[in-house]
1. Among the helices (runs of 4 or more DSSP H) lying completely within segment A:1-91, list those that include at least 1 residues that are at pLDDT below 95.
2. In this structure, is B:I83 open to solvent by less than 10 Å² (accessible area, probe 1.4 Å), more than 14 Å from every other protein chain (Cβ to nearest Cβ) and not aromatic (F, W, Y)?
3. Only one of (1) of a type in the set (S, T, Y); (2) over 25 Å from A:V413 (Cα atoms); (3) open to solvent by less than 10 Å² (accessible area, probe 1.4 Å) fails for A:T181. Which number is that?
4. Does any residue of segment B:60-80 turn out to be within 14 Å of another protein chain (Cβ to nearest Cβ), under 30 Å from A:F279 (Cβ atoms) and surrounded by 22 or more Cβ atoms within 10 Å (Cβ to Cβ)?
5. Could you tell me which residue of segment B:1-52 is farthest from A:G35 (Cα to Cα), considering only residues that are free of Cβ contacts under 8 Å to residues at least 12 places away in the same chain and more than 13 Å from chain A (Cβ to nearest Cβ)?
6. List the helices (runs of 4 or more DSSP H) inside segment A:404-465, counting only whole elements, that have at least 2 residues being closer than 23 Å to A:D151 by Cβ and open to solvent by 20 Å² or more (accessible area, probe 1.4 Å).
7. Just checking, how many residues over segment A:216-244 are away from chain B (no Cβ under 14 Å), touching a residue at least 12 places away in the same chain (Cβ under 8 Å) and in contact with a strand residue (DSSP E or B) (Cβ under 8 Å, 6 or more places away or on another chain)?
8. Every residue in segment A:103-160 that is assigned to a strand (DSSP E or B) and crowded, with 24+ Cβ neighbours inside 10 Å, please.
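The values are calculated or read from the model by the stated rules, or taken from the named source; none is laboratory data. Keep in mind it's a predicted model, so treat the numbers as computed, not measured. Methodologically, a virtual Cβ is constructed for each residue, glycine included, from the backbone with ideal geometry; neighbour enumeration extends over all protein chains shown. These area figures cover heavy atoms from the full protein model, side chains too; ligands, DNA and RNA do not enter into them. Shrake-Rupley method; radii C 1.70, N 1.55, O 1.52, S 1.80 Å.
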Amino acid sequence: MSYKDPIIHIDEQLCTGCRRCAAVCPVDAIIGEPGHPQTIDAHRCVVCGQCVQICTAYAADNESTTALRAVKLQERGQLPNVREPLFAAYSSGDIQKVKAVLADPKRFKVVQCAPAIRVSLAEEFGLPFGTLTPGKMAAALRRLKFDRIYDTNFAADVTIMEEGSELIGRVMSGERLPMFTSCCPAWVKHAETVAPELLEHLSSCKSPMQMAGALFKTYGAELDGIAPSDIFSVAVMPCTCKKFECSREEMSVNGCREVDVVITTRELASLIKDQGIDFIHLPDEPFDSPLGKYSGAGSIFGVTGGVMEAAIRTGYELITHEQIPNLQLDFVRGEEGIRTAEVQIGELELKVAVVAGLKYVDAVLAKVAEGTCPYHFIEVMACPEGCVSGGGQPKLLLETQRKIAYQARKSAVYRHDSHQKVRKSHENPDIIKLYKDFLGEPLGHTSHHLLHTKFVDRSLKEEMS
Amino acid sequence: MNNVQPSPFVIAEAGKCIGCKACELACFAVHNDHNGVVAAVGTVTVPVIPRLHVIRTESFTLPVQCRQCENAPCAEACPVQAIRREEGTIVIHEESCIGCKGCAMACPFGAISLYKAYSNGKVVPQIQLKERQHSAMVRSAKVIAYKCDLCRTRDHKDGAMGNVPACVEVCPVEALSLVHPDTSVSRSRTAAAMRL
C-alpha cells in the first residue's frame, strides 16, 4: 500500500476557521486565516492527528445533507453505516480494505494491537475511561475472523532487547550519543524533516509495529507453514502516523510489506459495530502464541516514559547481572513536556530524558546539534501523553474531559503492567525462545536484516539553506 | 415588594467567538444520556441536536441561545402548556410537546428549533400519523421543540466546574458566560454611581 495520500485532512466544506487545530499542531503545519478553511502543509505535517482529536466543527445532520454524508464517508474511507458526526479534521480510513480481506477465506489474516488500544477501545462502546479490555479485544478480533491474534506488545519486548543492546553498545563506545528512541513515527518524520544531520542519533530499531510485521512474515510464517506472501498483516494503532510509517518504502521484508494496513482504535470499533459484535458482553480470550505473549515492560510502551522504563528494567540487569531493586520507576512517569533523571546502573550513571509532546523536542535537538546535550538516552513521543493520547484514539465530545481520560488510560496501562507475571522484556519466555530458535542474538545478522532500518533526509532545499 | 428575581441566562460575546462549535457539541453531549451518548464521539448514534446554534455572518460568529425571558413568549404561545418555568429556567416538557411550532415562531431570538425526537438511539415514531415513503405508508417521526435549559438535569460528576452549563465550560475562548441579571444590574448600578 502506498500513501501518496497525506492522511490528515481538513474538509474545507466543514472547517469554520477557528484555528484550534493550529494551536494544537506541534509543528505549525496548519495554515490559514481565522474564519476561513484551513489547509495542511503536508511536508511539515507529522501526521500525529492531534488536530483530528481537537476539531469540533461538525457537519449538521439534516435531510438535505444525507446524500452528502454518504459521499463524505466514502471519501474518508469509513464504513457507510458509521453513525457518528463528521468533523472537519479527519484521517484517511482503511477499514473498507480490511473488511474486504476479512471476508476472503483464502487469505491468512494476522492482526497486532498496540499497547494503548486495550486501555481505550472500550470507550467507543460507552464504558468508562480506563476500562482495560485485552481479553475482549482478542475475542472481538477472533470473531472478526482474523486467523492469528498477535500483539505489538510482544514486539515491544523485542524492541527492548534490540534497542537496549544498542544503547549499551553506544554508551560503552561513547559513539553517537545521545541515542533517541525511534518507536514514534511522527517524531521520526519530524527529525527527518528538521534535523536530518542528527539522524545518526536515532536508534536504528524499527518501531515495534514494524518489527512485529517483519516477524509475522518470517518467524510466524515458518511456525504456521504459510507462504509470507499469503499473509495479510493488519495493525491496530492509536496513531494516525502509523499509516504513514507502514507505507515507507524500506518497511518490507523479503519483498513483502511488513504491515499491509494500519487501522486506528476508532476504525476497529467501527468494524466491531458493523459486524454486530456485542463487545461489552464478549468473554475474555487469550492472544495467540508465541507472537502474542508479552511482558509488563512491553505493555507500558503506550504511555510517555514507558519505553524508557522498560529499557531501564532490562538494561540494568544486562549490565549489572543483578536484579533491579525496584520495578516501578516513578522518576520517568509523569506528564511534564520534558523529564530528566540520572540512573545509577553499576558503575555507570546513565543520564536520561523523556520528551512528551513534539513541541518540546526542538530545544533538545538544538543542544544535540551544538554538542551540549548531556543525556545518554532520550525517549521522544510526539503526542502529549504518549500513545494513549494518539490521534487515532477515541475522540472526546467534551474538551473538559481530556485530562481525566488521559489519566485513566495511563493508569490502566500501569495497572496492566503491574498485573503481569513477567514484567521485564528479557524474562518473557517467548522472547527467550525467539532469540534461541530464530534471531540468534540482539543486533545479530537476522536482527539487523529484519528489525533495523535507516532514516531518510526529508528536508526541503530552502529549509537547508 | 414588587421586584422580581430575574432568571439567569447564557450569553456570548461576538468579539470573542471563534466559531468552533464546541458549545453545540457539548450541549448535545450532556443532553443525550438517554440515547447512549457517553464521552467518546463513537458512542453517538443519533444526529447532533444542539440547543444553541452558532450563527455566522460576514463579520462575526456567535452562538444564539434562549434568554430565559421573564414573560416567556414561547410559553404564552404553547397551546398544550408544555413550556413551564422551573427553578428559574424556562423548560420544554418534550413528552408533552406537539411540535406545533408556535414557540419557535414566538421566540424573538430564534432560540427554539424543531427536530425529530430520539430515544435509546432511535427515532420516536408517531402513534397514528403516517406518511407515504416508497409507496408504503409508514409512521412519521415525532417532532418536538428543543431549547436551552441551562443544563439543569446535567450530572456534574466528571470534571465539571460547579453548575455552569456545558457550553460555558467548554468554550476555549471564554466567549460564553452565565449571566445573573440581579447581581449584574446591581454591579452596573454601583459602578455608575461611583463614576458620578
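1. Result: A:66-75.
2. no
3. (2)
4. no
5. B:M1
6. A:429-434, A:445-451
7. Total meeting the criteria: 20.
8. A:V110, A:V111, A:Q112, A:C113
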